[in-house]
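The structure appears right after this line, and notes come after that.
The values are calculated or read from the model by the stated rules, or taken from the named source; none is laboratory data. What you are looking at is a predicted structure, and each value in this text was computed from that prediction instead of being measured. We place every Cβ from the backbone using ideal geometry, glycine too, and count neighbours over all the protein chains shown. These accessible areas exclude ligands, DNA and RNA; they are computed on the full protein's heavy atoms, side chains included. Shrake-Rupley method; radii C 1.70, N 1.55, O 1.52, S 1.80 Å.
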Amino acid sequence: MTIDCYSYIQFDDAKVGLNEVDKLGLNNPPVDLLVLSACKTAVGNKDAEFGFAGLALQAGVKSALASLWSINDAGTVALMSEFYQNLKSGSMKAQALRESQVAMLQGKVYVEGDRLRSSRGAVDLPPALAETKTTNLSHPFYWAGFSIMGNPW
């Protein structure tokens with residue numbers, strides 16, 4: 001998928017297309033971190049070089065976490081769960097992402113039955129992922145596609 005005029009971000013009650021990102025008011029006050037956990041949100045084209053993440057930065061967001069490829073849903077839930085826990089612990093954004101990726105590489109974050117196990121305990125998976133066949137999330141495919149753009153602190 002390449003970002004084109006049909007690409008959009010789905011909010012609870014609205015779709016926001018490429019040409020509307022700058023109208024979201026992301027710089028008033030400035031958004032510190034925008035997490036775009038959908039597939040290929042850091043991939044663009046000639047109109048949006050770094051995809052939605054790049055457009056968010058141009059619109060005033062300080063940092064954007066986005067993906068470079070079609071990422072596995074269970075891997076995304078695992079990485080985001082660990083990432084947010086690391087942020088809560090006081091890690092800087094880039095460090096929180098790195099710590100999360102290392103934990104997944106080392107097999108400390110995995111799926112067991114219908115639960116996600118991480119370095120901080122276990123949580124139930126969303127119903128759509130509860131029957132996932134993926135258990136070992138240590139392969140880079142599951143976590144290496146995410147990158148922080150903009151301010152890493």
Summing -39500 (n - 2.57) over every DSSP H run of at least 4 in the chain, dividing by its residue total and rounding to the nearest 500, the 222 nm mean residue ellipticity is -7500 deg cm²/dmol
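Taking only pairs that are 8 or more places apart or on different chains, how many Lys pairs in the chain have Cα atoms under 18 angstrom apart?
Numbers: 15/23; 15/40; 23/62; 62/93; 108/133.
Taking the chain as the scope, the lysine pair count is 5.
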Against the longest principal axis of the chain, how steep is helix 73-88, in degrees 0 to 90 to the nearest 10, with axes from Cα atoms?
-> 80 degrees
Under 20 Å from a point 7 Å along the Cα-to-Cβ line of residue 130: which residues of the stretch 63-88 have their amide N that close?
-> 73-78, 81
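Less than 15 Å Cβ to Cβ from residue 14, Lys/Arg counted +1 and Asp/Glu -1: what total charge do the surrounding residues give?
Values: positive: 15, 23; negative: 12, 13, 20.
Neighbour charge sum, excluding residue 14 itself: -1.
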Labelled set (1) 12, 42, 32, 11, 3, 0; (2) 12, 38, 34, 16, 1; (3) 11, 39, 39, 11, 0; P(r) over Cα pairs in 10 Å bins from 0, in percent computed from this model equals the value at (2)
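Just subtract the alpha-carbon distance of residue 11 and residue 119 from 0.36 nm times their residue separation and send over the number in nm, one decimal.
Values: separation 108, 0.36 × 108 = 38.88 nm, distance 3.03 nm.
Computed gain between residue 11 and residue 119 is 35.8 nm.
Within the stretch 90-136, list the GluC sites (Glu not before Pro) lying in a DSSP loop whose Cβ has at most 13 other Cβ atoms in a 10 Å radius. Can you show the working numbers first?
Details: sites: 99, 112, 131; in loops: 131.
Qualifying residues, ordered by number: 131.
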Summed residue charge, Cβ within 15 Å of residue 32's Cβ, Lys/Arg positive, Asp/Glu negative = +3
Considering only protein heavy atoms and a 1.4 Å probe, what is the carbon-and-sulfur percentage of the accessible area of the chain?
-> 52 percent
